[in-house]
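What follows is a single structure, written as structure tokens, with notes after it.
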Amino acid sequence: MKLIEEFLALKRIAVVGVSQRPQDFSRMLFRELASRGYDVVPVHPVAQEIEGRPCFARIQEVFPPVEGALVMTRPAATYTVVRDCAAAAVARVWMWGGAGKSAASPEALAVC
């Protein structure tokens, strides 16, 4: 529980893999975080903007940098995302596990 509280104490968080479809869960979560005062930054490889905010293709492009990353990608993509987080000095990474398949993969966990 302490790790969750530490993550949620961050103010500027990237949501990596946020959907372009407004009805998807990742978008609802993105909106909820924004409504609670978080400075959320969308990261998606092809989107130009999400919820009126400029979108970045990779976490290394985010400026000013974020304090943490909520990763909502497929497990096959998470390894690259986690390596990108390490390259961008983003030390707090939450690999979303919700009701569906977790974003985590053994390779991504090994990087952490």
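The values are calculated or read from the model by the stated rules, or taken from the named source; none is laboratory data. Quick caveat: nothing in here was measured; it's all calculated off a predicted structure. In this analysis, Cβ positions are derived from the backbone assuming ideal geometry, glycine residues included, and neighbour counts consider all displayed protein chains.
General remarks:
- Within the stretch 74-85, residues that are within 9 Å of residue 107 (Cα to Cα) sit with their Cβ atoms under 6 Å from residues that are at pLDDT 90 or above and of a type in the set (Val, Ile, Thr), at 6+ positions apart or across chains, in these pairs: 78/71.
- Flag if residue 103 is touching a helix residue (DSSP H, G or I) at 6+ places or on another chain (Cβ under 7 Å), part of a loop (DSSP other than H, G, I, E, B), modelled with pLDDT under 95 and of a type in the set (A, V, I, L, M): yes
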